[in-house]
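Here is the structure we will look at, set down as structure tokens.
We did not get these values from a lab; they are worked out from the coordinates using the rules stated. Just so you know, these numbers come straight off a predicted model, no measurement behind them. Neighbour counts run over all protein chains shown; Cβ positions are idealised from the backbone, glycine included.
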């Protein structure tokens, strides 16, 4: 071997060593983060939370789900027979009577001890459309009543988190193509201009949009909700060089509306905290095509809208319910996952993964997080205590790792009307007798109340919740979702509770990658 060959060989060997050292460095970093996470997750100790005002607890609802006397697109949709679990329940149009008797829910929230009450206002209730003048008209009596509700919350020493758009829009915007139509932006901003000067002085946290990307998907791609579409439109997800699909076009219009309302609200009240409530899920594929679809879902559903609006947010609100498993292009029920009554895969570890990926993508902006929704459909209140504890444990771990959190909001206070699923899934800390409208508190109400009051979760409470969950093993549990993982049911089907240990422990998830 000549000298030149020897030199080249040595250079190649050095390059291999350098590359190996880089891989080892990355591996070591991941290992250290994982060890740090597991050290927190596996400690058999109390879970604690910072005192007010450094961290708050809250509850949330939405106008369509709780307000009576609301003649909107959802009510028409339900009366047309599109929601199986509606007409087979007593007093379905009463919802929770939050319009005529808001004090019932507000007093329950006060008793619970939360410091933030999240609610929305309904665009279609507040506004009408004058076809002659071709513009929206505001109902000042409705505006005054909403103002009274906000003042009632404030009088109970709770802060107000107000949502402007929560899965509902007026008939005149829906008929014109909803958010795919650029005119919708001006109409939404006009709505905001008419109501914010009156309501904003009572608001502490303003949410412009709740789960906007999910709303677009459910109305313009797979029209399972009140929609201007009559057939599935999967091609609407595809963006071409010369034309964006309806999904992306709609999100861009929503982002424009968000920016304009953000600037409007800041002019009226500069100190108000503004964000969105963003639906997120841990998408995982179980086969090669499923993994491709999961990666696409992370980009399309978890990140696309956030990328468009992250420069004008005071907080990132995350609505997290669990893991979604994909085989090929379809959602499936995975035998290795435990499911809630609403068919959501239970996975506190998924929340940990999500927040780290969001922090990796948006952390440079120094924006704090709020869990704006988290809860479980669990009619018999046997899984909810552990679900609540384990997700709060994740937040405690994340805060100890230095990730900023402002608070946690539980979905929801009282069983209510759950969109296409109607009255089948029960998310409430409180149940409701649909005949008498009487409220009955679950044990999880008392647990959450105790956590709020003490700012900690004892080892005993953790063990009790785990034992309660495991008492269901091999028993029959209700599900409101058909076996196709998509269709909503009017009556339960029954499935076996597996007794899987889904607690936040022995964590092995990729932390630094961003799909």
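What the table shows:
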| item | result |
| --- | --- |
| Rounded if a/c under 1.5, otherwise prolate or oblate - the range 48-496, Cα gyration tensor axes | rounded |
| Relative contact order for the chain, counting Cα pairs under 8 Å that sit 6 or more residues apart, in percent | 18 percent |
| Highest-first arrangement of 162-174, 492-504, where packing means the average Cβ count within 10 Å | 162-174, 492-504 |
| Protection proxy ranking of 123-135, 325-337 - average other beta-carbon atoms within 10 Å, highest first | 325-337, 123-135 |
| Part-to-part distance (alpha-carbon centres) for the range 121-186 and the range 247-261, which is given in Å | 17 Å |
| Rounded tilt (10° steps) of 3-41 against the dominant C-alpha axis of the chain | 40 degrees |
| Relative packing of 469-480, 56-67, which averages over residues the other C-beta atoms within 10 Å, highest first | 56-67, 469-480 |
| Between helix 183-199 and the chain: long-axis angle, C-alpha atoms, 0 to 90°, nearest 10 | 70 degrees |
| Angle between the chain longest axis and helix 384-400 axis [Cα atoms, degrees, rounded to 10] | 60 degrees |
| Computed [θ] at 222 nm, helices only, for the chain once each DSSP H run of length n ≥ 4 contributes -39500 (n - 2.57) | -12500 deg cm²/dmol |
| For the range 217-258: rounded, prolate or oblate by the Cα gyration tensor [a/c cutoff 1.5] | oblate |
| Share, in percent, of DSSP beta bridges within the range 48-496 that are antiparallel, nearest 5 | 35 percent |
| Shape category assigned to the range 295-335 from the gyration tensor of Cα positions, a/c cut at 1.5 | oblate |
